[in-house]
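Novice: I'd like to ask you about the structure that follows.
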């Protein structure tokens, strides 16, 4: 099933896509609550056989399927993405051995979720605004200390995931050394649907999902790849993320960027600030995934930065 959250002039509703229509559930039903309650399959039957409403797909506005998930983590499972970033920044592309010890992730801003067709303002003060082509896995059944061979059984479905990034702010974050902050804080796109695992089984090859993914900017293709290019699997990432802690139903975990799926990997100037392809107001960014659908968003001007002034010195 392809689960969506949508708005059609009478408040936010939850439903499933059926061809060119949306079969909606009763008002007040949220996808987050259905996943947390373990009732997604039953609710899907209700939507198919006894919907509260049926609307044409082109008459509704699709929102992020999960508008405020309990948590969002973003992994880095495509190591070629990191090698490409290093090369673009003038390094040799060799990775430290630590990258072979375990996958990594950071906690993202669950309050910054954007819908698949929402405009996205440039992060305040940024002149190096970027996109990232990713896939988000959504936890359906909670658990902790998961085994990597079975952790994917806890995934209820997948969605496209765009980790919008202010690269100039990210440089400051990395220099301060306590993790991602304002470089990754302005928006995360989810959508257009949460596609359940069973729906994606036709794309499984040798035990791994291998659907095609691509990204375009103003209609020009930036990259094309497949999910099975991941060096660390979702099973390994979930097992690592769940060590000593609970992964809760509805939590979203990003795959990391498909190789060459961000502008940073295409930098061709000695100083990245001189790169001319950073996103500008009016640019249109689209992500596509086989079985997942397509997002299409316009970048808009961000607000001006309000100066903080100098720090107060306490002696």
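The values are calculated or read from the model by the stated rules, or taken from the named source; none is laboratory data. Treat the numbers as computed from the prediction; the structure is a model and nothing was measured. So basically every Cβ, Gly included, is an ideal-geometry build from the backbone, and we count neighbours across all protein chains shown.
Novice: Within segment 158-168, count every residue that is surrounded by fewer than 22 Cβ atoms within 10 Å (Cβ to Cβ) and either assigned to a strand (DSSP E or B) or touching a helix residue (DSSP H, G or I) at 6+ places or on another chain (Cβ under 6 Å) (or both). Spell out the reasoning first.
Specialist: Within segment 158-168, the first condition is being surrounded by fewer than 22 Cβ atoms within 10 Å (Cβ to Cβ), and the residues that meet it are 168.
Filter once more, keeping what is either assigned to a strand (DSSP E or B) or touching a helix residue (DSSP H, G or I) at 6+ places or on another chain (Cβ under 6 Å) (or both): none.
Residues flagged as surrounded by fewer than 22 Cβ atoms within 10 Å (Cβ to Cβ) and either assigned to a strand (DSSP E or B) or touching a helix residue (DSSP H, G or I) at 6+ places or on another chain (Cβ under 6 Å) (or both) within segment 158-168 amount to 0.
Novice: Continuing with the same structure: Quick check on segment 175-184. Is at least one of its residues touching a residue at least 40 places away in the same chain (Cβ under 8 Å), closer than 22 Å to residue 265 by Cα and outside any helix (DSSP H, G or I)?
Specialist: yes
Novice: Let me ask something else. If you check 282, 261, 250, 244, which single one turns out to be modelled with pLDDT of 95 or more, in a loop (DSSP other than H, G, I, E, B), on the phi > 0 side of the Ramachandran plot and under 17 Å from the mean Cα position of the chain (by Cα)?
Specialist: 250
Novice: Can we say residue 229 is surrounded by fewer than 17 Cβ atoms within 10 Å (Cβ to Cβ) and either in contact with a helix residue (DSSP H, G or I) (Cβ under 9 Å, 6 or more places away or on another chain) or at pLDDT 95 or above (or both)?
Specialist: Against the criterion (surrounded by fewer than 17 Cβ atoms within 10 Å (Cβ to Cβ) and either in contact with a helix residue (DSSP H, G or I) (Cβ under 9 Å, 6 or more places away or on another chain) or at pLDDT 95 or above (or both)), residue 229 does not qualify.
Novice: Which residues, counting only those in segment 47-66, are closer than 22 Å to residue 158 by Cα and crowded, with 17+ Cβ neighbours inside 10 Å? Don't jump to the end; show me each part of the working.
Specialist: Of all residues in segment 47-66, those closer than 22 Å to residue 158 by Cα come to 47-48, 57, 60-66.
Passing the criteria: 47, 60, 62, 63, 64, 65, 66.
Novice: What residue, of 194, 190, is in contact with a helix residue (DSSP H, G or I) (Cβ under 8 Å, 6 or more places away or on another chain), within 21 Å of residue 3 (Cα to Cα), assigned by TED's automatic domain parsing to the domain that holds residue 119 and in a strand (DSSP E or B)?
Specialist: Just a single option satisfies the conditions, and that option is 194.
Novice: In the set 66, 76, which member is within 30 Å of residue 269 (Cβ to Cβ) and touching a helix residue (DSSP H, G or I) at 6+ places or on another chain (Cβ under 7 Å)?
Specialist: Only one candidate passes the filter, namely 76.
Novice: Still on this structure, please answer the following. Among the residues in segment 303-315, are any crowded, with 16+ Cβ neighbours inside 10 Å and in a loop (DSSP other than H, G, I, E, B)?
Specialist: No, there is no match, as no residue in segment 303-315 is crowded, with 16+ Cβ neighbours inside 10 Å and in a loop (DSSP other than H, G, I, E, B).
Novice: When only residues in segment 200-215 that are outside any strand (DSSP E or B) and under 19 Å from the mean Cα position of the chain (by Cα) count, which is surrounded by the fewest Cβ atoms within 10 Å (Cβ to Cβ)?
Specialist: Top of the filtered list is 210.
Novice: I need the full set of residues from segment 146-165 which are within 26 Å of residue 119 (Cβ to Cβ) and free of Cβ contacts under 8 Å to residues at least 60 places away in the same chain, in order please.
Specialist: Residue satisfying the conditions is 164 alone.
Novice: What about residue 123, is it surrounded by 22 or more Cβ atoms within 10 Å (Cβ to Cβ) and over 16 Å from residue 254 (Cα atoms)?
Specialist: yes
Novice: Please tell me if residue 89 is more than 24 Å from residue 286 (Cβ to Cβ), assigned by TED's automatic domain parsing to the domain that holds residue 209, at pLDDT below 95 and surrounded by fewer than 22 Cβ atoms within 10 Å (Cβ to Cβ). Break it down stepwise before answering.
Specialist: Working: more than 24 Å from residue 286 (Cβ to Cβ): yes; assigned by TED's automatic domain parsing to the domain that holds residue 209: yes; at pLDDT below 95: yes; surrounded by fewer than 22 Cβ atoms within 10 Å (Cβ to Cβ): yes.
Judged against the criteria, residue 89 is a match.
Condition check ((1) touching a strand residue (DSSP E or B) at 6+ places or on another chain (Cβ under 7 Å); (2) over 16 Å from residue 141 (Cα atoms)) across all residues:
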{"residue": "217", "(1), (2)": "yes, yes"}
{"residue": "220", "(1), (2)": "no, yes"}
{"residue": "239", "(1), (2)": "no, no"}
{"residue": "247", "(1), (2)": "yes, no"}
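Novice: Is at least one residue of segment 139-158 within 13 Å of residue 74 (Cβ to Cβ), modelled with pLDDT of 95 or more and in the same structural domain as residue 223 (by TED's automatic domain parsing)?
Specialist: So far as segment 139-158 goes, no, none of its residues is within 13 Å of residue 74 (Cβ to Cβ), modelled with pLDDT of 95 or more and in the same structural domain as residue 223 (by TED's automatic domain parsing).
Novice: Looking at 291, 225 in this structure, which one is in the same structural domain as residue 85 (by TED's automatic domain parsing), assigned to a loop (DSSP other than H, G, I, E, B) and under 30 Å from residue 199 (Cβ atoms)? Before the answer, list the steps.
Specialist: On the way: 225 fails: assigned to a loop (DSSP other than H, G, I, E, B).
One residue alone meets the criteria, 291.
Novice: Now for a separate question. Return yes when residue 245 is without any contact (Cβ under 8 Å) to a residue 12 or more places away in the chain and surrounded by fewer than 22 Cβ atoms within 10 Å (Cβ to Cβ) and no when it is not.
Specialist: On the way: without any contact (Cβ under 8 Å) to a residue 12 or more places away in the chain: no; surrounded by fewer than 22 Cβ atoms within 10 Å (Cβ to Cβ): yes.
Spelling it out, it is not the case that residue 245 is without any contact (Cβ under 8 Å) to a residue 12 or more places away in the chain and surrounded by fewer than 22 Cβ atoms within 10 Å (Cβ to Cβ).
Novice: Kindly state which strands (runs of 3 or more DSSP E) lie completely within segment 1-119 and contain at least 2 residues that are within 24 Å of the chain's Cα centre (by Cα).
Specialist: In segment 1-119, the matching strands (runs of 3 or more DSSP E) lie at 2-7, 12-18, 61-63, 72-75, 105-107.
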